[in-house]
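Working notes, structure below.
Just so it is clear, none of the values below were taken in a lab; they were calculated from the coordinates. Quick caveat, the model's predicted, so the values are computed rather than measured. Neighbour counts run over all protein chains shown; Cβ positions are idealised from the backbone, glycine included.
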């Protein structure tokens, strides 16, 4: 469980954790380090919840600013965008459900201490707040998948906002390691790719769009591996040395 949360939220999350099956983190390389950017698929609410309850690392999440503002704003966003547009629920059903769900979600998100994201010039605030969190040794967890057609097993693409953060940090002298991970809800497994420095990504691919496309492809590759894990969460034996020279599995 995240160690940098307030005591009331640790109690709340601890009670919630007892009702969930444990998640397993399967690493192709080293485990998460402090001051990294972690990119993951969303899987609705399952991905963020799994990270929060079962990853014992200091983290801050990126989240849509509507989910980090007033209860009324969250209700509108959660009912129409999250449940209706992204998950395909009937709008009336989504609105009725969120009368109960939104207040509970609002409380949970207050405890997460989200970093709000924006689609306008206010994104500069997101970058500054993220930079400060990284400087404090926290990992920034971002769910960048393009989910216009819902949360799919095979991701259709990544939004590129995280690349702006990597550029922002590099200009300030920090070469940030990037971890790509895929969460498989069926077996509660996070398969985590070997970290790669932003400078290496820039050297290999040159442009922001190419970096974003490559990392989305790696996320889908982690998804393929997640569906081939053994019953003991062991990795497939035919993983190439290029993908894993020191594959380890950690169950939290």
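Across the range 88-176, counting alpha-carbon atoms alone, Rg and Dmax equal 16.3, 50 Å.
Sorting 119, 194 from the fewest to the most surrounding beta carbons within 10 angstrom yields 119, 194.
Remark: the residue 8-residue 174 segment gains 56.4 nm on full extension, using 0.36 nm per residue and subtracting the alpha carbon distance. According to the Kirkwood relation over distinct C-alpha pairs, the hydrodynamic radius of the range 33-97 is 13.5 Å.
Computed extension length for residue 45-residue 232: 64.8 nm, one decimal, from 0.36 nm per residue of separation with the Cα-Cα distance subtracted. What the Cβ-Cβ distance of residue 167 and residue 110 gives, at R0 = 22 Å and to the nearest 0.05, is a FRET efficiency of 0.15.
Both radii are taken from the alpha-carbon atoms of the range 76-115; with Rh as the Kirkwood radius, Rg/Rh is 1.03. If R0 is taken as 30 Å, the Cβ-Cβ distance between residue 199 and residue 124 corresponds to a FRET efficiency of 0.85. Mind checking the full-extension length gain between residue 221 and residue 153? Use 0.36 nm per residue of separation minus the Cα-Cα distance, one decimal, nm. That works out to 23.4 nm of additional length.
Stokes-Einstein diffusion for the range 100-252, with the hydrodynamic radius set to the Kirkwood value over Cα pairs and evaluated at 25 °C in a medium of 0.890 mPa s, equals 141 µm²/s.
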